[in-house]
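Engineer: Dumping the structure here so I can ask a few things about it.
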Amino acid sequence: MFDNFVVELGPWSWWLLGLVLLAAELILPGFFLVWIGLAGIVVGALSLLLWDSAFWTWQVQWLIFAASAVVVTLIGRRYLYSNNQVTDEPFLNQRGASLVGRTATLDQPISEGRGRIRLNDTYWTVNGPELPVGTRVKVVASNGRELTVEPA
């Protein structure tokens, strides 16, 4: 049944596959099916030109589809990741990194290398030298959920 469908549609079967994959990207977003769908459209365009050629068998078509999917994916990813635009908020999703340079007062003493400070409305675990409660400290680094401080 599927064979008859492909034979009846001819080169348009690749166009249909490409459009189905592009539509699937809309339903299941992940920005990966776009590239495979574009590869299907590329093979569909080649099929329109080469459909009656003796060498244009289904095996060759699938090889071209696989190769073009890899090539289109690499080109697309390179394009997407090369467009890093400068933003006015470079630490938008890096909350700890945005606190580097700020000063605060220790809420808990730093003993055995660990203590706590409060910045804005959040308590942060800090690493640094032994310091008593109430000491002004400056955030010098961030490694995820913990901040590194030194006396201000």
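No lab work stands behind these numbers, since they all come straight from the coordinates. Note that this is a predicted model, so its numbers are computed, not measured. Cβ coordinates were reconstructed from backbone atoms using ideal geometry, including for glycine residues, and neighbour counts include every protein chain displayed.
Engineer: Going by average Cβ neighbours within 10 Å, how do the peptides 72-79, 61-68 rank, with the highest at the top?
Structural biologist: Per-residue Cβ counts within 10 Å, averaged per peptide and sorted highest first, yield 61-68, 72-79.
Engineer: For the range 50-143, give the magnitude of the charge dipole about the Cα centre (Cβ charges: +1 Lys/Arg, -1 Asp/Glu; no others), in debye to the nearest 20.
Structural biologist: Value, rounded to 20: 280 debye.
Engineer: Would you mind telling me the antiparallel percentage of the DSSP bridges in the chain, rounded to 5?
Structural biologist: 85 percent
Engineer: So if I average 1/r over every pair of distinct C-alpha atoms in the range 2-82 and take the inverse, what Kirkwood radius in Å does that give?
Structural biologist: 13.1 Å
Engineer: For the chain, what is the calculated [θ] at 222 nm in deg cm²/dmol (nearest 500), taking -39500 (n - 2.57) for each run of four or more DSSP H residues and dividing by its residue count?
Structural biologist: Calculated from helices alone, the mean residue ellipticity at 222 nm is -14500 deg cm²/dmol.
Engineer: Determine one quarter of the surface area of the Cα convex hull of the chain, which equals its mean projected area, and express it in nm² to one decimal.
Structural biologist: 14.7 nm²
Engineer: Just how large is the dipole of the range 97-151 about the Cα centre, in debye to the nearest 20, putting +1 at every Lys and Arg Cβ and -1 at every Asp and Glu Cβ?
Structural biologist: 140 debye
Engineer: For the range 76-120 and the range 122-147, what is the separation of their C-alpha centers, rounded to whole Å?
Structural biologist: So the separation of the two Cα centres works out to 13 Å.
Engineer: Based on DSSP H assignment, which helices of the chain show an axial Cα extent of at least 24 Å together with a mean Kyte-Doolittle hydropathy greater than or equal to 1.0?
Structural biologist: 33-50
Engineer: Please list 3J(HN,Hα) in residue order for the range 130-139, calculated via the Karplus relation 6.51 cos²θ - 1.76 cosθ + 1.60 where θ = phi - 60°; whole Hz, with x for glycine and proline.
Structural biologist: Coupling constants for the range 130-139: 4, 9, x, 4, x, 6, 6, 10, 10, 6 Hz.
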